[in-house]
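The values are calculated or read from the model by the stated rules, or taken from the named source; none is laboratory data. For clarity, every value in this text was computed on a predicted model and none was experimentally measured. Using ideal geometry, Cβ is built from the backbone for each residue, glycine included, and neighbour counts are taken over all protein chains shown.
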Amino acid sequence: MNLFYSAKQLASDYKFFQLRQQLAILFCLILAMPLNVSAEIISGRVIAVASGDTITILNSNNIKYKIRLSGIDAPEKAQPYGIASRKSLSDLVNGKEVDVAWIKLEKKHKRAVGKVLLNGVDINLEQIKLGMAWFFLHYQNEQPSQDRIDYENAQISAEDKQIGLWVDKNPTPPWEFRKQGKIN
């Protein structure tokens, strides 16, 4: 039994120790990552605004993407503030280059759902701040926790300031409006 390492054995063991240490650090970093890190980015110019929460973008390869803004629900066209909400979103993004961090695809509506960013500004949140959309609680679990907090606080602020649709004392949320079968 040899009690002394050769220089070659020592170097080999040290490299193995370093590799194990690096793998352990990498594993810890992976565990610490939020679950929604896998959001993919679609970039393009906004070519249409269908409503206060739906746009169409055209990317550099001339591919059109219909995008539903995540975390918000805007009034339907036939509702009070439906047209104002669409105009608000159009004023914010129409004709401009945006990035969309999309979180899912809706096959039924043939669209992606995601957060629209204009120069780093969260447009979904802006619609809530302007009183042009509700924070859509039904899908809040699809959002990062900080977005949920920001969106909820923005709605509370818009309500308190009676901005946009919050001028009405008791506006009907779009999901209730749709249940009543009053769409467009």
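The table below gives the values:
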read-out: Residue that is aliphatic (A, V, I, L, M), surrounded by 15 or more Cβ atoms within 10 Å (Cβ to Cβ) and either at pLDDT below 95 or in contact with a His (Cβ under 9 Å, 6 or more places away or on another chain) (or both), where the choices are ILE42, ILE57; value: ILE42
read-out: Residue identified as among the aromatic types (Phe, Trp, Tyr) and in contact with a His (Cβ under 9 Å, 6 or more places away or on another chain) among TRP134, TRP175; value: TRP175
read-out: Helices (runs of 4 or more DSSP H) contained entirely in region 111-184, each with at least 2 residues that are within 13 Å of the chain's Cα centre (by Cα); value: 123-129, 145-161
read-out: In region 41-81, residue nearest to the chain's Cα centre (by Cα) [restricted to those that are farther than 17 Å from ALA133 by Cβ and in a loop (DSSP other than H, G, I, E, B)]; value: ASN59
read-out: Tally, over region 65-83, of residues that are surrounded by fewer than 22 Cβ atoms within 10 Å (Cβ to Cβ) and of a type in the set (Val, Ile, Thr); value: 1
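Residues checked against (1) out of contact with any Lys or Arg (no Cβ under 6 Å at 6 or more places or on another chain); (2) surrounded by 14 or more Cβ atoms within 10 Å (Cβ to Cβ); (3) free of Cβ contacts under 8 Å to residues at least 12 places away in the same chain:
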| site | (1), (2), (3) |
| --- | --- |
| SER85 | yes, yes, no |
| ALA101 | no, yes, no |
| LYS107 | yes, no, yes |
| TYR139 | yes, yes, no |
